[in-house]
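Trainee: The structure that follows is given in the form of C-alpha cells.
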Amino acid sequence: MARVDLRHIEKGYPGLKALDDVDLVIESGEFFTLLGPSGCGKTTLLRTIAGFIQHDSGEVLVAGERIDQMPAHKRNMGMVYQDYAIFPHLSVADNVAFGLKTRGRPKPEIAERVQRALELVQLGNHGKRLPHELSGGQQQRVALARAMVISPQILLMDEPLSNLDAKLRVELREDIRDLQRSLAITTIYVTHDQEEALAISDRICVMQSGRVHQVASPQKIYAEPATLFVASFIGAMNIMPVGSQEGALAAADLPERLRARGPMTLAIRPEDVIVGQSTNGNALAVEGAVEKVTFAGREAYAHVRCANGLHLQAHLYRPSAGQLALVGESVRLRLPLDRLHAFDAADGKRVELPA
Amino acid sequence: MNSVRRVDVWTWAMVLGFAVIAVLLVWPLWSIVAASFIDNRTGVFTLNNYVSVMTRPLYQTALINSLIVSLGGMAGALALGVPLAILTTRYQIVGRDLIGTLSVLALVSPPFIGAYAWIMMLGQNGWMRHGLAAIGIELPSIYGFFGILLVFSLKFFPFVYLMTASSLNTINASVEEAAEGLGAGTIRRLFTVTLPLVLPALSSAALLVFVLSLADFGTPSIVGGRVRVLATTAYNLFTNEMGGNPGLASTTSMVLIVISLVVVALQRWAVRRRNVSGSLLRRPQPRVLKPFASVMAHLVCYAIVLAASLPSLVVVYTSLRKTSGPVFQPGFGIESYTRVMHEVPHVIANSFSYSTVSVMMIVILGTLIGYVLARRDSPLAGTLDSALMIPYIVPGVVMGVGFVVTFNVKPLEITGTATILVLMLMIRRLPYSVRSSASILKQIKGSIEEAAISLGASPAQAFLKVTLPLMLPGIIAGALMSFITAINELSSSLILYVGRTMTMPVRIYLSVLDGEFGTAAALSTILLVTSGAAVYAVFRVTGRKESAFV
Ligand SMILES: Nc1ncnc2c1ncn2[C@@H]1O[C@H](COP(=O)(O)OP(=O)(O)O)[C@@H](O)[C@H]1O
Ligand SMILES: [Mg+2]
C-alpha cells in the first residue's frame, strides 16, 4: 500500500509520443483507472510503473521514493494481464505460490497464504488443477490471487476483463472491486471500457494520444467533462458545433449571452434532451424530424435530424407506444441551458457558461 | 525498445551470439571471399580466378551441370511431392500416417546412402537393372545425370510433400466447396483455387530443394560419373594431390554462394508475399474415391514412398549379407558388423561423440540467441538474424574450405583436431535451432515471463523457471533433429577430417569409392537406425507432427 507520484513522465517511440508529460498522484489505497481509446498510452504508462519500460524523462515515486532505476523484479508490484499470463505448466496453487517462493518464504507459510488467497477468489478447492482445466474467468481469478498473495505495494491491472464475456465481466469486476476495498491495496487499473471505469473506480484518468485530459471521480467526469474529448468518450453525448456549416447549430438560435463567448462547441447528453412540449422556458428549442427510434427495452433513443443537417439523439425512458411510433413525425426538442456543456472551439477545453 | 535498457543476462547472450557468429561464420566466409581475389603464388590481388571460372570450359560445364541437377532435382521432387500431397489430403488414402512416416525417414536418411544403394540396384550388376531388362525395360547408366536426378527426386520430395500437405490442410473447406458450387470440376478446382492457395508453401519448398540439390556433394560425387558439378569441382580443386588450388576453390565456392543467395532471396520474397490467411474454420475433409480411382491413387502414393524407402531397405539387407573380406557370399551373416567394430570402432565413437557435443552447444547457444531474437527487437538483433542466414546459403563443402583456410594459423590453429569438426557441425546447424527456438518463443506470451518478474523473479530466474520449461518439448525436438543432421554430415567433414577424426559418413563415402559395400552398408545401417530412433523420439515429443521436420 503506497502512494504513487508520477512526475512529468515522457516516453517517445520513433515518430510518436506514447506518454506526453504525464503528471499524476495516485493516493494510497485508491482504485485508480487509466481510461482511453486503444493506443492512447495506458499500457505504456502501466508498464513504466511496473519497470518493464524505461521512460525517457520524468520521475516515478512510490511511497515518496524514486524507483526509476530499480529493476522490475525488485519493485514488489502485482500485475494482472488481459491474457491472464498464467504459467501453464504449474498447478493453480503453484502459480499462486510463485511469488512467495521467489521471496524464500517458509513452506508452511506459503501453503497457508496460498490457500487463503485462493479462497478469497473463490477457488479454494481448485489448487491442484492445471490452468487448462479452468475457464477464462477462473484463470483470471488465479492471476488475481497470484498478484495479491505477495502483498504488493501496488496492484497493476491491464484490461483484465477484456477477454471475458459480458456477464462474467460484470461479475468479476464487482469481485475485484470488493477485494480491493477489503485489502485496501493501491490499484492502478487500465481499461478502454468507459462503463467499466465508471462502475469500478475511485478516480479515473482519461487519456488520449499520451496526454492526460482529466483526472477526477466518475461522477465528476460524467457530469463535468473537462474537454470535448472526455465529453465524447464518456457516455453518450450530442456534440453540436456552433456555426453555419453543415451539421452545426446556427449561432442565431443561441441566446445573446452564449453568442458573446466566441467560437465554441456545445454538447448535451441524450437524457437531458426533452422531446415535445416542456414548461422549461430556459432552453434552446430546435425542430427536427424523427429518423428512427432504437428500442432497447427499458429505454429507447430517438434519432432526430434537425435543420442544417444537425443530428441529435434523445433518450426516452420507458418509451410509450406513441413515442415508439414517432418515426417520420416532426418534433420539437428542448435543450435546457443548465444542461449544456460548452467547449472552446480551438483547444477543446471546457468553458463555464454564464448562469 | 520494449524492454528496460539495463544490462542483464540477455545482453551477455547477445554478445556471446555475436562472438560465435563473427568467429565461426563471418571470418571463414571472409577468408573465402579474400582467397578468391588472391593469386596463390604471389599473394597479390587478382581477378584471374574469376576470369578462369568464367572462361574455362571445365568450370562452365560444372556451372551448367549444377544448374541442371538443381532444376532437375526440384522438378523431380515437385513431380512426386505435389501429387502425394494432394492425394493424401483430399482423398481417403489408407495408411496416411505410414506414408508420412516413410517420407520423414526418407528425409532424414543421408543422400549418399541413397546414391550408393541405387548403384547396387541399378549399376551394371544391379538386380533391378537385370530384372527390368528381363521385361524389356532398358535404363540409362546409373552414373551421370540419371542417377543424380533419381536420388535427388526421391530424397527431396518429402520437403515438397510435407510443406504442401500442411498448407493444403489449412485451406478452409468452404473455399473449395464454393468453387465446386460455382461449377468448377475437380481438375479446374485444383488449378484455379487449390494450387494458387498453396503456391507460397509450394514455391518455398521448390526453392529449398533447389538450394539443397545445388549444395549436395555426396550424391554427384558417388553417382555423378563424369558429370562434375560446382560442389565436386570445389572439393577436387581444394584437395587435389598437387597441393590444391585454394584460389580457384574459393572462387568456385563464391559462385555457389551467389547462386544460393539469389535463390534464397527469391524464396524469401515468395514467402513475404504470402497473404495472411484467415482462421481455419473447417478442415477440408478427404473424399472417398470410386473403386478404380482409389486403387490407382493408392498405387501412386505407395509407389512413391516405397521407392524412397528402397535404398534404406537395400542397405540394411546388404549389411546382413554374408561376406568374406569385401566379397559377398550366399546367405546371411554379421561379418560386416564385426568388421566395422573391429576395424573402425573409433569412427563410430567419433560420430556419436562429435554429434552429441555439437548438439549440446547448439541447444544452449540456439536457445539463448533465439530468445534474444524473439524478445528483443533491437537493430542488433536484426543483424544477428541476418548473419544467421549464412549457413542456409553456404554449402558444406564451402564452409569446410572456409574453416581450413581460416583456422590453420595461430592463435586458432585447430585444423586436424576434433574441435574443428565439432565447431563445424555446430555452426552449420545453429541457425535452424535459433529459428526454431525463436518461433517457439513467439508462441509463448511475453506477459507470462513479465508476470514472473513482477512476482519477484530476476530475468534469469524467470527464464529458467517459466519460459524454459514451456520451451522444453520444442527444444528437445530441435535437438534431436540437429543430432540427425550432425551425425549424417558428409561434405564439410570430408574436408576437415584426418585419420584420427574420421566419422561414419566419411568412412561410408571412402568405402563406397573402394567398392567395400559390406562395411559401408553396416555403417549406413547404424546411421539409419540412429536417425530412425531420433525420428521416433521427435514424434513422441511433438505428438506426431511430420511438419516438424521441414
Ligand atoms: N515497442 C513499441 N514500439 C513502437 N511503438 C510502440 C511500442 N509499444 C507501444 N507503441 C505505441 O505507443 C502507443 C501507445 O501504446 P499502448 O500504451 O500499448 O496503448 P494502449 O494500452 O492505450 O492501447 C501506441 O500508438 C503504440 O502503437
Ligand atoms: Mg493496452
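The values are calculated or read from the model by the stated rules, or taken from the named source; none is laboratory data. What you see is a predicted model, and the numbers here were worked out from it, not measured in a lab. Glycine also receives a Cβ, built like all others from the backbone with ideal geometry; neighbour counts cover every protein chain displayed. Areas reflect the complete protein model, heavy atoms only, side chains present, ligands, DNA and RNA absent. Shrake-Rupley method; radii C 1.70, N 1.55, O 1.52, S 1.80 Å.
Trainee: Let a ≥ b ≥ c be the square roots of the eigenvalues of the Cα gyration tensor of the range B:1-86; is it rounded (a/c under 1.5), or, if not, prolate (a/b larger than b/c) or oblate? Walk me through the numbers before you get to the answer.
Mentor: Numbers: a/c = 4.61, a/b = 1.21, b/c = 3.80.
Cα axes put the range B:1-86 in the oblate bin.
Trainee: Same structure, new question: With a length cut of 20 Å (Cα positions projected on each helix's long axis) and a Kyte-Doolittle mean of at least 0.5, go through chain B and give me the DSSP H helices that pass.
Mentor: Those that pass (Cα extent of 20 Å or more, hydropathy at least 0.5) are B:57-90, B:145-168, B:195-215, B:246-272, B:291-319, B:345-375, B:418-443, B:468-487, B:517-542.
Trainee: Kindly report, to the nearest 10 Å², the accessible surface of A:H89 as traced by a 1.4 Å probe over protein heavy atoms only.
Mentor: 60 Å²
Trainee: Starting with the highest mean, order B:306-317, A:120-131 by the number of other Cβ atoms within 10 Å, averaged over the residues of each peptide. Please list the in-between numbers first.
Mentor: Details: B:306-317: 18.8, A:120-131: 15.8.
In descending order of packing, they fall as B:306-317, A:120-131.
Trainee: Using the Karplus curve 6.51 cos²θ - 1.76 cosθ + 1.60 with θ = phi - 60°, work out ³J(HN,Hα) for each residue of the range A:6-23 in order, rounded to whole Hz, and write x for Gly and Pro.
Mentor: Per-residue couplings from phi come out as 10, 10, 6, 6, 10, 8, x, 10, x, x, 7, 9, 7, 10, 10, 6, 7, 10 Hz.
Trainee: Could you sort A:21-32, A:240-251, B:37-48 so that the peptide with the highest average Cβ count within 10 Å comes first and the rest follow in order?
Mentor: Output ranking for A:21-32, A:240-251, B:37-48: A:21-32, A:240-251, B:37-48.
Trainee: How much length would be gained if the chain were fully extended between B:V258 and B:F45, taking 0.36 nm per residue of separation minus their Cα-Cα distance, in nm to one decimal?
Mentor: 74.6 nm
Trainee: Ok, one more. Using helices alone, I'd like the mean residue ellipticity at 222 nm for the protein assembly as shown: each DSSP H run of four-plus residues gives -39500 (n - 2.57), total over residue count, nearest 500.
Mentor: Taken over the protein assembly as shown, the calculation gives -17000 deg cm²/dmol.
Trainee: If the reach is capped at under 18 angstrom between alpha carbons, list the aspartates and glutamates near A:K107, excluding any in the same chain fewer than eight residues apart.
Mentor: Once the sequence-local aspartates and glutamates are set aside, what remains near A:K107 is A:D94.
Trainee: A follow-up question, please. Let me confirm the definition first: pairs of Lys residues in chain B, 8 or more apart or on different chains, C-alpha distance under 27 Å. How many are there?
Mentor: Lysine pairs satisfying the spacing and distance rule in chain B number 6.
Trainee: Could you work out the mean count of beta carbons from other protein chains within 10 Å of each residue's beta carbon in A:84-95? Please list the in-between numbers first.
Mentor: Working: counts 4, 10, 4, 10, 6, 6, 3, 0, 0, 0, 0, 2.
Average neighbour count from other chains, rounded to a whole number: 4.
Trainee: Could I ask something else about it? Taking a ≥ b ≥ c as the square roots of the Cα gyration tensor eigenvalues, with a/c under 1.5 meaning rounded and otherwise prolate when a/b beats b/c, else oblate, which class fits chain B?
Mentor: rounded
Trainee: Just how much of A:K101 is accessible, in Å², when a 1.4 Å probe is used and the result is rounded to the nearest 10?
Mentor: Spelled out: A:K101, probe radius 1.4 Å, area about 110 Å².
Trainee: Would you kindly state how much longer the chain becomes between B:A75 and B:V94 on full extension, computed as 0.36 nm times their sequence separation minus their alpha carbon distance, in nm to one decimal?
Mentor: The B:A75-B:V94 span can extend by a further 4.1 nm.
Trainee: Turning to a different aspect of this structure: Pairs of Cα atoms under 8 Å, at least six residues apart: use those to get the relative contact order of the range A:4-229, whole percent.
Mentor: Here the relative contact order equals 29 percent.
Trainee: Provide a whole-number value for the mean count of partner chain Cβ atoms within 10 Å of the Cβ atoms in peptide A:142-153.
Mentor: 1
Trainee: For chain A, set up a GNM with springs between Cα atoms under 10 Å and report which of A:H341, A:H311, A:H213 has the largest fluctuation.
Mentor: A:H311
Trainee: A further question follows. Please sort B:413-420, B:394-401, A:300-307 by packing, taking for each peptide the average over its residues of neighbouring beta carbons within 10 angstrom, highest first.
Mentor: Packing proxy ranking, top to bottom: B:394-401, A:300-307, B:413-420.
Trainee: In straight Cα distance, which lysines are under 26 Å from A:K349, not counting same-chain residues fewer than 8 positions off?
Mentor: Within the straight-line limit of under 26 Å, A:K349 reaches these lysines: A:K11, A:K17, A:K42, A:K220.
Trainee: Using a 1.4 angstrom probe on the protein heavy atoms only, could you order A:R173, A:R7 from most to least accessible area?
Mentor: Numbers: A:R173 30, A:R7 100 Å².
Result of the area sort, largest leading: A:R7, A:R173.
Trainee: Related question: Please compute the Kirkwood hydrodynamic radius over the protein assembly as shown, one decimal place, Å, based on all pairs of different Cα atoms.
Mentor: 33.1 Å
Trainee: Compute the signed sum of charges (Lys and Arg +1, Asp and Glu -1) over the other residues within less than 15 Å, Cβ to Cβ, of B:L182.
Mentor: Cβ neighbours under 15 Å give a net charge of -1.
Trainee: Still on this structure: For an R0 of 41 angstrom, estimate the FRET efficiency from the Cβ-Cβ distance between A:D23 and B:L468 and round to the nearest 0.05. Could the numbers behind the result be given before it?
Mentor: On the way: r = 41 Å, r/R0 = 0.99.
So the FRET efficiency works out to roughly 0.50.
Trainee: Restricting to the range A:4-229, compute how many DSSP beta bridges are antiparallel as a %, nearest 5.
Mentor: On the way: 19 of 37 bridges.
Close to 50 percent.
Trainee: Quick one: work out the % antiparallel among DSSP beta bridges in the protein assembly as shown, nearest 5.
Mentor: Antiparallel bridges: around 75 percent, rounded to the nearest 5.
Trainee: Could you pull out the GluC sites (Glu not before Pro) across the range A:259-355 that fall in loop regions by DSSP (anything but H, G, I, E, B) with no more than 13 other Cβ atoms inside 10 Å?
Mentor: In loop regions of the range A:259-355 (DSSP not H, G, I, E or B), the sparsely surrounded GluC sites (Glu not before Pro) are A:E329, A:E352.
Trainee: Give me the accessible area of A:D83, 1.4 Å probe, in Å² rounded to the nearest 10.
Mentor: 40 Å²
Trainee: Hey, if we sort A:F229, B:F145 by accessible area with the 1.4 Å probe, largest down, what's the order?
Mentor: B:F145, A:F229
Trainee: Can you tell me which of A:K11, A:K167, A:K292 moves the most in a GNM of chain A? Springs connect C-alpha atoms under 10 Å apart.
Mentor: Greatest mean-square fluctuation among the candidates belongs to A:K167.
Trainee: A further question on this structure: Just report the Cα centroid separation between the range B:462-510 and the range A:79-93, whole Å.
Mentor: Spelled out, the Cα-based centre of one part sits 35 Å from the other.
Trainee: How high is the relative contact order of the range A:26-71, in percent, counting Cα pairs under 8 Å that sit 6 or more residues apart?
Mentor: 20 percent
Trainee: Could I ask something else about it? How many angstrom lie between the C-alpha centres of the range B:6-73 and the range A:279-309?
Mentor: A separation of 77 Å, based on Cα centres.
Trainee: Which whole-number percentage describes the relative contact order of the range A:237-351, with Cα contacts under 8 Å and a sequence gap of 6 or more?
Mentor: Reported as a whole number, the value is 31 percent.
Trainee: In whole angstrom, note down how far apart the Cα centers of the range B:310-356 and the range A:221-251 are.
Mentor: Cα centroid of the range B:310-356 versus Cα centroid of the range A:221-251: 87 Å apart.
Trainee: Another question, if that's okay. Once you put a point 7 Å from the Cα of B:D514 and another 7 Å from the Cα of B:T55, both along the Cβ direction, what distance in nm separates them?
Mentor: About 4.3 nm, to one decimal.
Trainee: Averaged over peptide A:73-80, how many Cβ atoms belonging to another chain are found within 10 Å of each residue's Cβ?
Mentor: Counting Cβ atoms of other protein chains within 10 Å of each residue's Cβ and averaging gives 5.
Trainee: Counting Lys and Arg as +1 and Asp and Glu as -1, what is the net charge of the other residues whose Cβ lies under 12 Å from the Cβ of B:A173? Mind dumping the intermediate values first?
Mentor: Working: positive: B:R90, B:R282, B:R283, B:R287; negative: B:E176, B:E177, B:E180.
After counting each charged neighbour, the total is +1.
Trainee: Starting from the Cα of B:W12, step 7 Å along the direction of its Cβ; do the same at A:D193; then give the gap between the two resulting points in nm.
Mentor: Reported label-point gap for B:W12 and A:D193 is 4.4 nm.
Trainee: A further question on this structure: Just add up the charged neighbours of A:I176: K/R +1, D/E -1, any other residue whose Cβ is under 11 Å from the Cβ of A:I176.
Mentor: Net charge around A:I176: 0.
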